[in-house]
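A.B. asks: My questions will all concern the structure given below.
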Amino acid sequence: MARKILIGLLVIVLLMQVMQPTKNQSESLSQNDISYTYNMPVAAHELLVKKCYDCHSNNTKYPWYVHVQPIGWWMASHIKEGKDELDFSEFKTYSTKKANHKLEEVSEQIAEGHMPIKSYLWLHPETKVTPDELAILNAWIASVGVKVRD
């Protein structure tokens, strides 16, 4: 009986591997990307790409373990949730009021330690935003007329 249960579980796990989520990858930046919306210093754009774009754009870089289910499904749901909240690839489509609010939230979420999320930082500690990097982002955000926290 235990053998049948183990075989059944193995079959379920193998079938799960066949059902891969759709990848969130684009060949290039969208024409609605934030970098086409504002004049951005290279350093600020590179920070967003390096630290934020995996979950908040159409340009996710996937690690090998994304092909293991249910991890891939979990990551796909995080990316969808992240893009629903803030999508740098579609930033140009935001109203001025919404865009300004999103930029204000970028600063706040990073400063308060909410972004990047803890589960992402476990495997990607290099994405933690340093105080100097936050200062670069805040200087750019302030330069477009959005108030940032001191």
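The values are calculated or read from the model by the stated rules, or taken from the named source; none is laboratory data. In this text the structure is predicted, and so the values were computed from the model without any measurement. Ideal geometry is used to build each Cβ from the backbone, glycine not excepted, and the neighbour counts take in all protein chains shown.
For (1) out of contact with any helix residue (DSSP H, G or I) (no Cβ under 9 Å at 6 or more places or on another chain); (2) without any contact (Cβ under 8 Å) to a residue 12 or more places away in the chain; (3) over 16 Å from Val49 (Cα atoms), each residue gets a yes or a no:
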{"residue": "Ile71", "(1), (2), (3)": "no, yes, yes"}
{"residue": "His78", "(1), (2), (3)": "no, no, yes"}
{"residue": "Gly82", "(1), (2), (3)": "no, no, no"}
{"residue": "Phe91", "(1), (2), (3)": "no, no, no"}
{"residue": "Gly113", "(1), (2), (3)": "yes, yes, yes"}
{"residue": "Ser119", "(1), (2), (3)": "no, no, yes"}
{"residue": "Pro125", "(1), (2), (3)": "yes, yes, no"}
{"residue": "Lys147", "(1), (2), (3)": "no, no, yes"}
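A.B. asks: Now, a different point. Out of the residues in region 129-145 meeting the condition of being outside any helix (DSSP H, G or I) and touching a residue at least 24 places away in the same chain (Cβ under 8 Å), tell me which one is surrounded by the fewest Cβ atoms within 10 Å (Cβ to Cβ).
C.D. replies: Applying the filter and picking the extreme gives Gly145.
A.B. asks: While we're on this one: Being hydrophobic (A, V, I, L, M, F, W, C) and not in a loop (DSSP other than H, G, I, E, B) is the filter here; which residues of region 27-43 pass it?
C.D. replies: Scanning region 27-43 gives Ile34, Val42, Ala43.
A.B. asks: If Ala99 satisfies every condition in (1) part of a loop (DSSP other than H, G, I, E, B); (2) modelled with pLDDT of 95 or more but one, which is the exception?
C.D. replies: It is condition (1) that Ala99 fails.
A.B. asks: If Glu46 meets every condition in (1) free of Cβ contacts under 8 Å to residues at least 40 places away in the same chain; (2) outside any helix (DSSP H, G or I) apart from one, which number is that one?
C.D. replies: Condition (2) is where Glu46 drops out.
A.B. asks: When the residues of region 49-80 are narrowed to those that are under 12 Å from the mean Cα position of the chain (by Cα) and not in a helix (DSSP H, G or I), which ends up farthest from Lys97 (Cα to Cα)? Outline the logic, then answer.
C.D. replies: Of all residues in region 49-80, those under 12 Å from the mean Cα position of the chain (by Cα) come to 49-62, 75-80.
With not in a helix (DSSP H, G or I) added as a condition, the list becomes 52, 57-62.
Numbers: Cys52: 21, Ser57: 20, Asn58: 23, Asn59: 25, Thr60: 27, Lys61: 30, Tyr62: 32 Å.
Only one residue tops the list, namely Tyr62.
A.B. asks: Can you pull out the residues in region 29-80 that are more than 19 Å from Thr130 (Cβ to Cβ), in contact with an Asp or Glu (Cβ under 7 Å, 6 or more places away or on another chain) and crowded, with 17+ Cβ neighbours inside 10 Å?
C.D. replies: Residues satisfying the conditions are Ser30, Ser57, Thr60.
A.B. asks: For region 82-104, state whether one or more residues are exposed (fewer than 12 other Cβ atoms within 10 Å of the Cβ) and over 23 Å from Gly145 (Cα atoms).
C.D. replies: Within region 82-104 (the criterion being exposed (fewer than 12 other Cβ atoms within 10 Å of the Cβ) and over 23 Å from Gly145 (Cα atoms)), the answer is yes, since at least one residue qualifies.
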